[in-house]
Every structure is written in structure tokens, then in C-alpha cells.
Amino acid sequence: MSTLRLFYALWPEPDLADTLSTWAAQAQPHSHGRAMRTETLHMTLAFLGSVEKEIAEELIDATPYHRLQPGTVTVDRYGVFARPRILWAGPEQAPDSLQASHDGLWLWLSAFGFAPPTQPFRPHVTLLRNIERNDPPADAPPPVTWRYDRMVLVASESTDGGSRYRVVARSKPQPD
């Protein structure tokens, strides 16, 4: 049976993606590594992994109707995940509204047979992969506020040049 590799994420508007790309460029002389392409920058809410095509199609159909509570998250620091050698940008702590959206998403996903991860939610945007240092740059650029009101379901497809992300569904914003 065929599968799709899926995740849910907040997807930045182009201006915010450009700003986050600047964060990556600023960190590169310190951390080295490969910068993520601007068009792939995102904040993962739920990584599902390989999903059978039938369940994937159900998620694609249902995603527009799972609405997030609008909120903001302030990206204000660099961080490192040492073992996968990733430099990221994110908040010091998940805002309550984002944590509630994350928890609500996993509760909703449980009806499709998914179990939430055991590790705590650490909202972040991966900026650099294969970094050479385990310490983040000391000085982050000025904080940026990310306003969100919807999420996307993304298929990750392996190619010779790395991963390619394709948005396969979008949630609708909350009605006014």
C-alpha cells in the first residue's frame, strides 16, 4: 500500500519567511551547516511520518474543518538540537494559545489513530542542518511576531536534491 510522509505546520507569509531566512544567514558563520530554503521554512505542529494513502486522503478532506484558535508566537532566540545537528529559531516557551492548538490538534488526530509524541512540544523553525557547533549564536536578530490563524498539512517528498514540501490541505481560519 502506498504512503505519504505528512506533517502539520504553521506556514509563514513570504515576508516572515524572508526574515527567518535572514536569521539563518546571520547564524551560518557561527554554526556553519546547510541553510533551509526560504520556501520550506515552517513551524511543525505535528509530525505524522508515513501515513497510508487512505488515511492521508481522510486527513486532506478533514483538515479544512479543523480550525486553529488565532494567536501569535514571538520568535526571539536561536536554539540547537545537538543529535540531529540542527540550529533553530523559536520562542523561549510555547505561548499558551499555541500549546493549546498543538494539544487540540493531537486530540483531533487521535480519532485517526495517531498518538501524540512523548517529548514536550518545542515550537521552532529549522534554519540550518548539519551544523558544526552545539552552541547557538549568542545574539539573535530582533524578535519577530508570527500571527497565525490556520495550519497546513504538508507532504514531504524525497528527491535527489533533498526534501520537497507540498501543501496538500489548509485549515480555514476561525469565522469572525
Exercise. How much of the accessible area of the chain, in percent, comes from carbon and sulfur atoms when a 1.4 Å probe is used?
Worked result: 47 percent
Problem set entry | region 1-69-region 127-168 distance, computed between alpha-carbon centres (Å) | 7 Å
Seminar exercise, completed: Dividing the helical contributions, -39500 (n - 2.57) per DSSP H run of n ≥ 4, by the residues of the chain yields a 222 nm value, nearest 500 deg cm²/dmol, of -8000 deg cm²/dmol
Exercise. Between exposed GluC sites (Glu not before Pro) in the chain, where DSSP calls loop and at most 14 other Cβ atoms lie within 10 Å, what's the longest gap?
Worked result: 1-91
For this session: With a 1.4 Å probe and every protein chain left in place, work out the accessible area per residue of the chain in Å², rounded to a whole number.
Result: 54 Å²
Exercise. Which length gain, in nm to one decimal place, applies between SER50 and ARG133 when the Cα-Cα distance is subtracted from 0.36 nm times their residue separation?
Worked result: 26.8 nm
Exercise. Calculated FRET efficiency, THR72 and ALA25, Cβ-Cβ r, R0 35 Å, to nearest 0.05?
Worked result: 0.90
Problem set entry | Charge tally in the Cβ shell below 13 Å around THR159, where Lys, Arg are +1 and Asp, Glu are -1, THR159 excluded | +2
Exercise. Using 17 Å as the cut-off for backbone N distance, which residues of region 57-88 belong to the label zone defined by a point 7 Å from the Cα of ASP96 along Cα→Cβ?
Worked result: 69-74
Seminar exercise, completed: Ordering ILE55, ILE86 by the accessible surface of their heavy atoms, 1.4 Å probe, largest first, yields ILE55, ILE86
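Determine the equivalent ellipsoid of region 1-131 by diagonalising the alpha-carbon gyration tensor, then write out the semi-axes as square roots of 5 times the eigenvalues, largest first, rounded to whole Å.
On the way: eigenvalues 146, 58, 40 Å².
Semi-axes (√(5λ), whole Å): 27, 17, 14.
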Problem set entry | Net charge contributed by nearby residues that have their C-beta within less than 14 Å of PHE121 (K/R +1, D/E -1) | -2
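The values are calculated or read from the model by the stated rules, or taken from the named source; none is laboratory data. Keep in mind it's a predicted model, so treat the numbers as computed, not measured. Counting neighbours? That spans all protein chains shown, and the Cβs are built from the backbone with ideal geometry, glycine included. To get the accessible areas, we keep the full protein, side chains included, count just its heavy atoms, and leave off ligands, DNA and RNA. Shrake-Rupley method; radii C 1.70, N 1.55, O 1.52, S 1.80 Å.
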